[in-house]
Amino acid sequence: MSDPDLVKQAWKASAADPALPDLETVRAGTDRFYRRIRLRNAIEYAASVVVVICFSAYALFLPSPVARIGAAMIVLGTLIVAWQLHRRASAAPPPERAAAQPILVHQRAQLARQRDALAGIFTWYLLPFIPGLLVMTFGPTLEHGALGLLHMPRLVWIRLILAVAVFASIWLLNQRGARQLQKQIDDMDALMGRKE
């Protein structure tokens, strides 16, 4: 056999459809992903409870009425985020008994759901907090009129810059996570022979 024939055979072998992994491997990966999403959401819900408690106290006890309104807005934003997290990114348990193909179909749907939630993180996770944060940050200063902005303490600007940096970091990390999930979806599509 000549070298070109060996190259052709190697190319054909590499282009062959990959075999589905065994059921136990697929189930273990699906179960691990399900547990990871449940843990992430449990942490998010616990953080939401802490934020609601703290900012409810701020809404009752801060000296500035505008800051109290801002704190109440953050409580409302947190409740919206928790509801959206449940609606968009809750974990769906894998099917109990199934062949590898139906579990892969379920897992692909879960990956796509989580990817979409991460890709849209700005609108449903970050945006609900912004009005309350802006009111809490600038409200007390604006109680003294528009000129109050000129005399705003440097610490307020530093806190605002830090908040923007945190929001940008959250957005960037979630966009990276969405891309990683898309790569897993692409790999799964290749495994299942999907053309999308």
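The table below gives the values:
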read-out: Segment 171-193: number of residues that are in contact with a helix residue (DSSP H, G or I) (Cβ under 8 Å, 6 or more places away or on another chain) and open to solvent by 50 Å² or more (accessible area, probe 1.4 Å); value: 3
read-out: Extreme residue, modelled with the highest pLDDT, among residues of segment 17-26 that are within 16 Å of GLN184 (Cα to Cα) and open to solvent by 50 Å² or more (accessible area, probe 1.4 Å); value: THR25
read-out: Cβ-Cβ under 7 Å pairs, at least 6 apart or on other chains, segment 179-196 side modelled with pLDDT under 85, far side of a type outside the set (Phe, Trp, Tyr) and open to solvent by 80 Å² or more (accessible area, probe 1.4 Å); value: GLY193/ASP17
read-out: Single condition PRO102 does not satisfy, out of (1) closer than 26 Å to VAL52 by Cα; (2) modelled with pLDDT under 85; (3) not small (Gly, Ala, Ser); value: (1)
read-out: Scope segment 51-74; condition closer than 18 Å to LEU126 by Cβ and surrounded by fewer than 19 Cβ atoms within 10 Å (Cβ to Cβ); matching residues; value: VAL51, VAL52
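The values are calculated or read from the model by the stated rules, or taken from the named source; none is laboratory data. Quick caveat, the model's predicted, so the values are computed rather than measured. Glycine gets a Cβ as well: all are built from the backbone with ideal geometry, and neighbour counts include every protein chain shown. Areas reflect the complete protein model, heavy atoms only, side chains present, ligands, DNA and RNA absent. Shrake-Rupley method; radii C 1.70, N 1.55, O 1.52, S 1.80 Å.
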